[in-house]
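First the structure, in the form of structure tokens, and then the observations on it.
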Amino acid sequence: MLWMAVTLTGYFFNAVTALIDKYLLAGHIKAPAVYAFFVSLFSLFALLFMPFGFRFFGWQTTGLFLLSGMLFLYGLLVFYFSVQRWEISRASPLLGTVVSVTALSAVFLPGAFAEESFTLMHILALLLLISGGFLISFDLPLKRGENVSVKVIAAGITIGVSLLLLKYGYARANSNFISGFVWSRIGMFAAGLSLFTVPVFRAQILEALKQFSMASKPLRHTGWVFVINKICGGAAGFLITYATFLGPISFVQALSGIQYVFLLALVFPLSLRYPKVFGERLFFWDWFQRASAIAFISLGLWIFATSGIKLLLI
């Protein structure tokens, strides 16, 4: 199952990217709109793949890819707002869980996504993977006034719809991965440019561009950290997009649970070194709940890998 190996590698890079996102948004790049704009600029590196099979599919199919990329960036923008206030090891799992539920719900709708075949073991593995993400995201039992980030939920739905459009576009494009990937990244860049239409965002972006032109030592440090982060993010985006092209979107997204295992392993030592940035609640019940979540995710992966589930790819 090539798509599964590609997916897991992509989620490892996603975990690294999420940590650096938190580091930068905690003080180095305070405005999420600025961060999203620079992400959109780096998405243009996808143009390097144009010699390897890039083509135009007509306005409808190409429009699907462009819209997918635009929605993806808008989802990231909303997510960046939430990352500033929520623990990254909780915000990121909730995002992945909402994206998974969005992708899963779509296969029960009539149309292109209704062709995916479900068995009892298939559904059980999906539920275990999604439940693991939920357990990491919330403290149970839920208390009155529990802070559930509406922004993360909105971001997850937006990104989930983006990926569904991407998968549908691939179905219409007769399996041309490179073209879909490049067009979706062009869509991300277009979404980044659209941020200039919002006066507050435009002022923040122009001010950031002015500051970066000064090239002071702290800004150079931030710039290099951002570049490293976007290399990891680019690798993650490419791999997960490729996995979406190769495999069933519901499972590609449900496997995001493994990202949280990577994330927790990375966050713990960093929370000791940088408690103000990566601070985590380390009470016994928190760790018991997270250990249970990892067990759910591991069991879901084991059921998937050993039950011989056969999926019809959309």
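The values are calculated or read from the model by the stated rules, or taken from the named source; none is laboratory data. No experiment lies behind these values; they were computed from the predicted model shown. Cβ atoms come from the backbone with ideal geometry, glycine included; neighbour counts cover every protein chain shown.
Considering Val182, Val227, which residue is at pLDDT 75 or above, assigned to a helix (DSSP H, G or I) and farther than 17 Å from Ser68 by Cα? Even if it seems obvious, please write down each step before you answer.
Values: Val182 fails: farther than 17 Å from Ser68 by Cα.
The conditions single out Val227.
Is at least one residue of the stretch 71-80 closer than 16 Å to Asn14 by Cβ and modelled with pLDDT under 80?
Checked against the condition, which is being closer than 16 Å to Asn14 by Cβ and modelled with pLDDT under 80, the stretch 71-80 yields no hits at all.
I need a count of the residues in the stretch 190-204 that are in a helix (DSSP H, G or I), within 17 Å of Tyr35 (Cβ to Cβ) and either out of contact with any Gly (no Cβ under 8 Å at 6 or more places or on another chain) or among the β-branched types (Val, Ile, Thr) (or both). First the steps, then the outcome.
Let us first name the residues in the stretch 190-204 that are in a helix (DSSP H, G or I), namely 190-197, 199-204.
When the remaining residues are screened for being within 17 Å of Tyr35 (Cβ to Cβ), the result is 191-196, 200-204.
Now drop any that are not either out of contact with any Gly (no Cβ under 8 Å at 6 or more places or on another chain) or among the β-branched types (Val, Ile, Thr) (or both), which leaves 192-196, 200-204.
Going through the stretch 190-204 one residue at a time, the tally reaches 10.
Right, Phe288: modelled with pLDDT under 80, part of a helix (DSSP H, G or I) and under 25 Å from Leu48 (Cα atoms) or not?
no
Might you let me know whether the stretch 89-97 holds any residue that is crowded, with 24+ Cβ neighbours inside 10 Å, over 12 Å from the mean Cα position of the chain (by Cα) and at pLDDT below 75?
Yes: the stretch 89-97 contains one or more residues that are crowded, with 24+ Cβ neighbours inside 10 Å, over 12 Å from the mean Cα position of the chain (by Cα) and at pLDDT below 75.
Go through the residues of the stretch 116-137 one by one and say whether even a single one is modelled with pLDDT of 75 or more and under 13 Å from Leu163 (Cα atoms).
No, there is no match, as no residue in the stretch 116-137 is modelled with pLDDT of 75 or more and under 13 Å from Leu163 (Cα atoms).
For residues in the stretch 153-180 being among the aromatic types (Phe, Trp, Tyr) and surrounded by fewer than 22 Cβ atoms within 10 Å (Cβ to Cβ), which is farthest from Trp3 (Cα to Cα)?
Applying the filter and picking the extreme gives Tyr168.
For the stretch 10-34, which residues satisfy the criterion of being over 25 Å from Leu164 (Cβ atoms), in a helix (DSSP H, G or I) and at pLDDT below 85? Lay out the reasoning, then the answer.
So the first thing to find is which residues in the stretch 10-34 are over 25 Å from Leu164 (Cβ atoms), and the list is 16, 19-20, 22-31, 33-34.
Next, only the ones that are in a helix (DSSP H, G or I) stay: 16, 19-20, 22-28, 33-34.
Once the filter is applied, which keeps residues that are over 25 Å from Leu164 (Cβ atoms), in a helix (DSSP H, G or I) and at pLDDT below 85, the stretch 10-34 yields Val16, Leu19, Ile20, Lys22, Tyr23, Leu24, Leu25, Ala26, Gly27, His28.
Could you go through the stretch 38-56 and let me know if any residue there is touching a Phe, Trp or Tyr at 6+ places or on another chain (Cβ under 7 Å), within 26 Å of Gln259 (Cα to Cα), at pLDDT below 90 and buried (at least 23 other Cβ atoms within 10 Å of the Cβ).
Yes, the conditions are met somewhere in the stretch 38-56.
Based on this model, can you work out whether Arg144 counts as among the basic types (Lys, Arg) and modelled with pLDDT of 90 or more?
So Arg144 fails the test.
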